[in-house]
Amino acid sequence: MAKLLVTGFGVHEFMPNNPSQQVAERLDGEVIAGTTVVSAIIPVTFARAVGLVAEALRTHEPVAVILMGVYDGRAMLTLERVAQNYADGTRYGLADIDGFSPQ
């Protein structure tokens, strides 16, 4: 059966209840239009996140992928037209779960 990979980010200091994690966990195992949803929770870590997503892609070989994140300043679901994020944790006083704050 075909698989859809849905990822969410895990909890961290500024997001103790991460909605992207909750949605991914809730959808895990659901079958939608003959496609099984498999989820992966990605820790909030600059150094390891990309490798963990790549590992989930190799493991599940999905036909499609939905990568979810969260921005605390938005009140509704939004889609990114351009996924362009700058790794600038120091500007906002943020660090990942490994304590890394890139600039």
Restricting to segment 27-61, name every residue that is over 14 Å from the mean Cα position of the chain (by Cα) and not in a loop (DSSP other than H, G, I, E, B). 31, 32, 35, 36, 37, 58, 59, 60
Can you tell me which of (1) part of a helix (DSSP H, G or I); (2) open to solvent by 60 Å² or more (accessible area, probe 1.4 Å) is the one residue 17 doesn't meet? (1)
Could you list, in sequence order, the residues of segment 40-61 that are touching a Leu at 6+ places or on another chain (Cβ under 6 Å), closer than 17 Å to residue 20 by Cβ and open to solvent by 30 Å² or more (accessible area, probe 1.4 Å)? none
Here the residues within segment 62-103 that are assigned to a loop (DSSP other than H, G, I, E, B), over 17 Å from residue 15 (Cβ atoms) and at pLDDT 85 or above are 62, 63, 102
Condition check for residue 29: open to solvent by less than 60 Å² (accessible area, probe 1.4 Å) and free of Cβ contacts under 8 Å to residues at least 12 places away in the same chain: yes
Just to verify a result, which residue in segment 64-103, among those that are of a type in the set (Val, Ile, Thr) and either in contact with a Gly (Cβ under 6 Å, 6 or more places away or on another chain) or over 30 Å from residue 32 (Cα atoms) (or both), is surrounded by the most Cβ atoms within 10 Å (Cβ to Cβ)? 97
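The values are calculated or read from the model by the stated rules, or taken from the named source; none is laboratory data. Note that the coordinates shown come from a computational prediction; the quantities given were computed from them, not determined experimentally. Cβ sites come from the backbone with ideal geometry, for glycine too, and all protein chains shown count toward neighbours. For accessibility, only protein heavy atoms count, side chains too; no ligands or nucleic acids. Shrake-Rupley method; radii C 1.70, N 1.55, O 1.52, S 1.80 Å.
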